[in-house]
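Enquirer: One structure coming up, written as structure tokens, with questions to follow.
The values are calculated or read from the model by the stated rules, or taken from the named source; none is laboratory data. Every value quoted in this text rests on a predicted model; they were computed, and no experiment measured them. Note that each Cβ is placed from the backbone with ideal geometry, even for glycine, and that neighbours are counted across all protein chains shown.
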């Protein structure tokens, strides 16, 4: 067990990381009672992993000495999930949990019991054990009941699941809100559950589509927006470029890239990096993805269609049919492709957004730039966007865009990739209009698919200048030539 301490004041450790080679936590010493953050990292090799998943979990797998004051839990690299009831016992043993980070794994495992156990775990940590019908305080050192509210932060990073699991998490959160409303808005529902405490939701994936053509199909994009509930003030649905294929890192950031595995497209059969130019950027989910519609409805206050059972006597509320946030401060949605109309409606409804990062469908017309300007202040006559401080736009080429850029290979064509990209990147006059409607704006950045060889533009208020860049040859153009 590795711990972090404050050497200056010789305080007891407040954070620890444990590398596990089995699903058995060690006994925690008394001095660990001050722990606030715990990271569990899997070091289980694959042959042993499969065996452990089918082995009966020991009764003391979660020891009574596990500190109940832990507020932050990170679970990383448990690629095949967990044997039941490891997760549910762990969740019930941490009554003060406020932040959960899950990284790089199949969270609901490979079997039905693992999936059921993971569902119970998320129900406990989101609802709060003090509001649950099945309270288990056996692991409390003091032997007293500990009131527990639900999570305030949920981070799901490169987390996959079988169909229906992510929407099930959304249903838990939506049901909390519905039970609240059933009691006339008093703050508690008929089942005694409190409203959701979740404030920050982060869902992030590292793009692997260059080497894995089925990558996007495994992201449950149609289920994830169900987790957007009114309590949330910061939401992130992010698609990141692979660190090995993204822009070069410099200075302090350079060391971090080595912590990530290489994309299989970038290494040879021996695992050694292949020299030369690598595929770049990301390809978000299509605008037609069902999740895009749910995301937009949740963020704009639209009404949801209700499904009814075959007998027509009882309404069935689908995951994602509940209301969404009304006071977002941050929105990152590069996983989904919005059109400018959808973006404008979101900005109009969420006037308090200060940090915005979105993937937007790009049309290859000069009018598109005007559409983007309008969208960033909530439509043609909109009054949104006044709180924007940081904006990133990831351009997603439309079919027309793709066709016209591809036609550059035609002999005798005079128009260049650079001149085509100038049609879509905001120019200095456009930035003047954007900053006029958003007086707090500090920085603006736009790329095409987060691939800098296609060109990019940047604008920085503090430096009083804007700049563009791009690749050479047929791969991209300048950023507007400011």
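Enquirer: In the range 311-321, is there at least one residue being at pLDDT 95 or above and touching a strand residue (DSSP E or B) at 6+ places or on another chain (Cβ under 8 Å)?
Expert: No, every residue in the range 311-321 fails to be at pLDDT 95 or above and touching a strand residue (DSSP E or B) at 6+ places or on another chain (Cβ under 8 Å).
Enquirer: Can you confirm whether the range 222-231 contains a residue that is within 19 Å of residue 104 (Cα to Cα) and modelled with pLDDT of 65 or more?
Expert: Checking the range 222-231: at least one residue is within 19 Å of residue 104 (Cα to Cα) and modelled with pLDDT of 65 or more.
Enquirer: Quick check on my filter: what residues within the range 70-97 are closer than 16 Å to residue 124 by Cα and in a loop (DSSP other than H, G, I, E, B)?
Expert: Of everything in the range 70-97, those that are closer than 16 Å to residue 124 by Cα and in a loop (DSSP other than H, G, I, E, B) turn out to be 70, 71, 84, 85, 93, 94, 95, 96, 97.
Enquirer: If you don't mind, there's one more thing I want to ask. Just to check your reading of the model, which residue among 131, 123 is surrounded by 15 or more Cβ atoms within 10 Å (Cβ to Cβ) and modelled with pLDDT under 90?
Expert: Matching residue, one of 131, 123: 131.
Enquirer: One residue is enough: does the range 33-45 have a residue meeting the conditions over 28 Å from the mean Cα position of the chain (by Cα), in the same structural domain as residue 116 (by TED's automatic domain parsing) and more than 17 Å from residue 107 (Cα to Cα)? Walk me through it before giving the result.
Expert: Start the filter on the range 33-45 by keeping residues that are over 28 Å from the mean Cα position of the chain (by Cα), which leaves 33-34.
When the remaining residues are screened for being in the same structural domain as residue 116 (by TED's automatic domain parsing), the result is 33-34.
Right, trim to more than 17 Å from residue 107 (Cα to Cα) and you get 33-34.
Yes, the range 33-45 contains a residue that is over 28 Å from the mean Cα position of the chain (by Cα), in the same structural domain as residue 116 (by TED's automatic domain parsing) and more than 17 Å from residue 107 (Cα to Cα).
Enquirer: Of the residues 201, 151, which is at pLDDT 90 or above, within 17 Å of the chain's Cα centre (by Cα) and in a loop (DSSP other than H, G, I, E, B)?
Expert: 151
Enquirer: Pairs please, first residue from the range 280-295 and farther than 9 Å from residue 222 by Cα, second anywhere and at pLDDT below 95 and part of a helix (DSSP H, G or I), Cβ atoms under 7 Å, 6+ apart in sequence or on different chains.
Expert: 280/453
Enquirer: Quick check: anything in the range 329-351 out of contact with any strand residue (DSSP E or B) (no Cβ under 8 Å at 6 or more places or on another chain), in a loop (DSSP other than H, G, I, E, B) and modelled with pLDDT of 65 or more?
Expert: Within the range 329-351 (the criterion being out of contact with any strand residue (DSSP E or B) (no Cβ under 8 Å at 6 or more places or on another chain), in a loop (DSSP other than H, G, I, E, B) and modelled with pLDDT of 65 or more), the answer is yes, since at least one residue qualifies.
Enquirer: Looking at 413, 421 in this structure, which one is at pLDDT below 85, assigned to a loop (DSSP other than H, G, I, E, B) and in contact with a helix residue (DSSP H, G or I) (Cβ under 8 Å, 6 or more places away or on another chain)?
Expert: 413
Enquirer: Still on this structure, I have one more. Looking at the structure I just gave you, is residue 25 surrounded by 19 or more Cβ atoms within 10 Å (Cβ to Cβ) and over 26 Å from residue 201 (Cβ atoms)?
Expert: Judged against the criteria, residue 25 is a match.
Enquirer: Still on this model: Say we look at the range 424-448 and pick out the residues that are buried (at least 22 other Cβ atoms within 10 Å of the Cβ) and at pLDDT 90 or above; which of these is nearest to residue 384 (Cα to Cα)?
Expert: Here the residue is 438.
Enquirer: Taking the conditions exactly as written (crowded, with 21+ Cβ neighbours inside 10 Å, out of contact with any helix residue (DSSP H, G or I) (no Cβ under 9 Å at 6 or more places or on another chain), assigned by TED's automatic domain parsing to the domain that holds residue 421 and touching a residue at least 12 places away in the same chain (Cβ under 8 Å)), does residue 360 satisfy them or not?
Expert: Answer is no for this residue.
Enquirer: Which of the residues that make up the range 232-255 are modelled with pLDDT of 95 or more, out of contact with any helix residue (DSSP H, G or I) (no Cβ under 8 Å at 6 or more places or on another chain) and not in a loop (DSSP other than H, G, I, E, B)?
Expert: Scanning the range 232-255 gives 234, 235, 236, 238, 239, 240.
Enquirer: If only one of 124, 112 is without any contact (Cβ under 8 Å) to a residue 12 or more places away in the chain and over 18 Å from residue 22 (Cβ atoms), which one is it?
Expert: 112
Residues checked against (1) touching a strand residue (DSSP E or B) at 6+ places or on another chain (Cβ under 6 Å); (2) outside the structural domain of residue 458 (by TED's automatic domain parsing); (3) closer than 26 Å to residue 240 by Cβ; (4) at pLDDT below 95:
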{"site": "354", "(1), (2), (3), (4)": "no, no, yes, no"}
{"site": "366", "(1), (2), (3), (4)": "no, no, no, yes"}
{"site": "385", "(1), (2), (3), (4)": "no, no, yes, no"}
{"site": "389", "(1), (2), (3), (4)": "no, no, yes, no"}
{"site": "394", "(1), (2), (3), (4)": "yes, no, yes, no"}
{"site": "398", "(1), (2), (3), (4)": "yes, no, yes, yes"}
